[in-house]
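The values are calculated or read from the model by the stated rules, or taken from the named source; none is laboratory data. Keep in mind it's a predicted model, so treat the numbers as computed, not measured. When we count neighbours, we look across all protein chains shown, and the Cβ atoms used for this are built from the backbone with ideal geometry, even at glycine.
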Amino acid sequence: MTTAPEAENPRAVPEKGGPAPRHANQEVFDRLAARISVRPGTRPMAEVVAPFTGRLLRQVPLCTPDDVAFAVRRAREAQKEWAARSFSQRAKVFLRYHDLVLARQEEGLDIIQLESGKARNHAFEEIADNAIIARHYARHAEGYLKPRRRKGALPLLTVTRELHHPLGVVGIVAPWNYPLSMAVTDAAAALMAGNAVVLKPDLQTPFSALWGLALLEEAGLAPGLFQVVTGRGRELGGPLIEGADYVCFTGSTATGRTIARQAGERLIGCSLELGGKNPMLVFSDADLGKATHGAVRGCFANTGQLCISIERLYVQAKVFDEFLARFQKLTGKLELGASFDYAHDMGSMSSKDQLDKLVKHIQDAVEKGATVVAGGKARPDLGPYFHEPTILTGVTDQMLVSREETFGPLVSVYRFETEEEAIRLANATPYGLNASVWTRDVGRGVRVASAIEAGTVNVNEAYAATWASVDAPMGGFKDSGIGRRHGAAGILKYTAAQTVSVQRLMPLSAPPGVEEARYSALMTRALKMLSHIPGVR
Ligand code: NAD
């Protein structure tokens, strides 16, 4: 990505010399760019490039800290009226959005593919995810957040309720790998809780988020409530955290630490979903047909640019050779290419940086003695950032790929003997985002899962079962982050919990005329008695 002086006529969506999308044209990109929260005046521009071709898609402004402050102010204004709406009024917007995102998916799929370079099947995951999350929080936000009776200090005499208030303005910093999902689904939970949102999408992929915003406003979201600023993370992150009441971040562990420090300075909450070096364990009793298909999906979905994808694959010795042969064969059959239909299984890497990191990890491993058993080569014949899905064996601790997240279509396959060894190897990483366990013995699957230090563990699936169980929390252990998305945790984090207690008849202190010493003795006796009554806290 390079910056350029503001152009009068930004370049068109690539139509010649590259694959042509049928549903998103230049006019769509111009319309979406007009939604960026930028104050009047000239801004330097950044180029958004289509990874399939390496050509300019459209320029977007590099917003300034002032633009961010302005966006936060406008969002805060709009939030007051939105917070006063009932849950069912807010839900109507998200149920309409659910229908719109499915109905207009062809346009959305083109936009996602154009700016991320992914295959259409993986772009569809984002459409489905948006619909599922919008429906989930539309239907369940009230249940998660409505006032609840809690046990009072004194039975019958203290009536206590737990309330949840919106925080105000939620700042969201989103990555490029799932540019619609990561931008809009976290926003959906924040908005359903009664907040406004200011989003900073990645500069490589702002248009998917802007498309989601356009559909939300068409569905009835009040203008101003959801603002999008485009620019460099290191320049806009600070001002966003300065103005927001909470920050939700998805991206690298290094940036996550910076965000956590800044949020800490302001004493605002943050949730961070960060990197992973996710393991998959295949036990000898596993259905090897299903396990190999699961491994292909788990390792190469979205060209491996998926925080929950598999980069370390441990196979029990007894079935190692058979599994590897099947996995190698299936990987070799994956169709790579750039097309705006479902003709290809795998698309392009998102950028030169990602491709370079992948190539570096493979070269380093090969130089230190690893064997490439599938793939291994870049495919410039298909597009500037294409690379084959790649399997390595013989990987040792000295190799970068053994510990660093590649975030690409690269997996190392290792052998293990016992369950204890498999668990130890799975946990031998500073990360703890996702894991996958394959066995016909469900009891063992659940036992092993609970011993793995990861926020989600899929038994006989790679990543989709936990991700799509949107009623349950999703997030990382260890260096993979703090906080959760999805379920109750994914919306409660956007609220301030308040406890309101009404005290009746007698106070929680010595009544008038009763000496403190006598009151303490009475209380001591009462507390001792209560501890013998089952069910009393
Ligand atoms: P990154 O963490 O730098 O970028 C993610 C987002 O954070 C982008 O929107 C970026 O503009 C923003 N950002 C960057 N610096 C910031 C700052 N100081 N303050 C606020 N926001 C800031 O990640 P990257 O450089 O795009 O990718 C590097 C690596 O991160 C990848 O190779 C991969 O390992 C990991 N990654 C993980 C995820 C995930 O889903 N967990 C997503 C993207 C990248």
Of those in segment 245-265 that are crowded, with 18+ Cβ neighbours inside 10 Å and more than 11 Å from the ligand (Cβ to nearest atom), the residue farthest from the chain's Cα centre (by Cα) is ASP245
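Please count how many residues of segment 64-120 are outside any helix (DSSP H, G or I), buried (at least 24 other Cβ atoms within 10 Å of the Cβ) and on the phi < 0 side of the Ramachandran plot. Quick ask: steps written out before the conclusion?
The initial filter retains those residues of segment 64-120 that are outside any helix (DSSP H, G or I), namely 64, 85-86, 104, 117-119.
Applying the additional criterion that residues be buried (at least 24 other Cβ atoms within 10 Å of the Cβ) yields 117-119.
Remaining after also requiring on the phi < 0 side of the Ramachandran plot: 118-119.
Number satisfying all stated conditions: 2.
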Which listed residue, of LYS357, LYS352, LYS368, is of a type in the set (Lys, Arg) and away from the ligand (no atom under 16 Å from the Cβ)
LYS368
Output the number of residues of segment 489-535 satisfying the condition of being free of Cβ contacts under 8 Å to residues at least 24 places away in the same chain and either β-branched (Val, Ile, Thr) or in contact with a strand residue (DSSP E or B) (Cβ under 9 Å, 6 or more places away or on another chain) (or both).
4
Within segment 322-341, residues within 19 Å of PRO179 (Cα to Cα) and touching a Phe, Trp or Tyr at 6+ places or on another chain (Cβ under 8 Å) come out as ALA338
So ASP285 ticks every box in (1) away from the ligand (no atom under 16 Å from the Cβ); (2) crowded, with 18+ Cβ neighbours inside 10 Å; (3) assigned by TED's automatic domain parsing to the domain that holds GLU419 but one. Which box is left unticked?
(2)
Checked ASP441, ASP471 against criteria (in contact with a Gly (Cβ under 8 Å, 6 or more places away or on another chain), modelled with pLDDT of 95 or more and either surrounded by fewer than 16 Cβ atoms within 10 Å (Cβ to Cβ) or not assigned by TED's automatic domain parsing to the domain that holds VAL366 (or both)); the one match is ASP471
Exactly one condition in (1) in the same structural domain as MET182 (by TED's automatic domain parsing); (2) surrounded by 15 or more Cβ atoms within 10 Å (Cβ to Cβ) is false for LYS151; which is it?
(2)
What is the one condition in (1) within 20 Å of the chain's Cα centre (by Cα); (2) small (Gly, Ala, Ser); (3) surrounded by fewer than 24 Cβ atoms within 10 Å (Cβ to Cβ) that ALA301 does not satisfy?
(3)
Here are the criteria: (1) within 15 Å of the ligand (Cβ to nearest atom); (2) surrounded by 24 or more Cβ atoms within 10 Å (Cβ to Cβ). Tell me which single one ILE268 does not satisfy.
(2)
Would you say GLU217 is modelled with pLDDT of 95 or more, out of contact with any helix residue (DSSP H, G or I) (no Cβ under 8 Å at 6 or more places or on another chain) and not in a loop (DSSP other than H, G, I, E, B)?
yes
Are there any pairs, at least 6 apart or on different chains, whose C-beta atoms fall under 9 Å, with the first in segment 143-171 and in contact (Cβ under 8 Å) with a residue 60 or more places away in the chain and the second of a type in the set (Asp, Glu) and not in a strand (DSSP E or B), and if so, which?
PRO166/ASP245; LEU167/ASP245; GLY168/ASP245; VAL169/ASP245; VAL170/ASP186; VAL170/ASP245; GLY171/ASP245
Check ARG55 against each of (1) outside the structural domain of THR185 (by TED's automatic domain parsing); (2) basic (Lys, Arg); (3) more than 26 Å from SER116 (Cα to Cα) and name the one condition it does not meet.
(3)
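Output yes when any residue across segment 158-174 is assigned to a loop (DSSP other than H, G, I, E, B), within 15 Å of the ligand (Cβ to nearest atom) and within 20 Å of LEU215 (Cα to Cα), and no when none is. Don't jump to the end; show me each part of the working.
Taking segment 158-174 as the starting set, the residues that turn out to be assigned to a loop (DSSP other than H, G, I, E, B) are 167-168, 174.
Checking which are within 15 Å of the ligand (Cβ to nearest atom) leaves us with 174.
Keeping just the survivors that are within 20 Å of LEU215 (Cα to Cα) gives 174.
Yes, the conditions are met somewhere in segment 158-174.
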For a quick check of your reading: which helices (runs of 4 or more DSSP H) sit entirely within segment 457-537 and have at least 1 residues that are closer than 26 Å to ALA188 by Cα?
464-468, 489-492
Among (1) surrounded by fewer than 23 Cβ atoms within 10 Å (Cβ to Cβ); (2) in a helix (DSSP H, G or I); (3) in contact (Cβ under 8 Å) with a residue 40 or more places away in the chain, TYR414 falls short only on (2)
Kindly list, by first and then second residue, each pair from a residue in segment 235-258 that is under 18 Å from PRO430 (Cα atoms) to a residue that is assigned to a strand (DSSP E or B) and more than 7 Å from the ligand (Cβ to nearest atom), limited to pairs with Cβ atoms under 6 Å and residues at least 6 apart or on different chains.
GLY256/LEU272
Being out of contact with any Gly (no Cβ under 8 Å at 6 or more places or on another chain) and assigned by TED's automatic domain parsing to the domain that holds TYR314 is the requirement here; does THR466 meet it?
yes
Residue hits (segment 100-111; touching a residue at least 60 places away in the same chain (Cβ under 8 Å) and closer than 19 Å to GLU218 by Cα) are LEU100, VAL101, ARG104, GLU106, GLU107, GLY108, LEU109, ILE111
Which condition breaks for GLN204 when tested against (1) under 17 Å from ARG35 (Cα atoms); (2) more than 16 Å from the ligand (Cβ to nearest atom)?
(2)
Just one listed residue, out of ALA187, ALA219, ALA209, ALA196, is buried (at least 23 other Cβ atoms within 10 Å of the Cβ), over 27 Å from GLN498 (Cα atoms) and in contact (Cβ under 8 Å) with a residue 12 or more places away in the chain, and it is ALA209
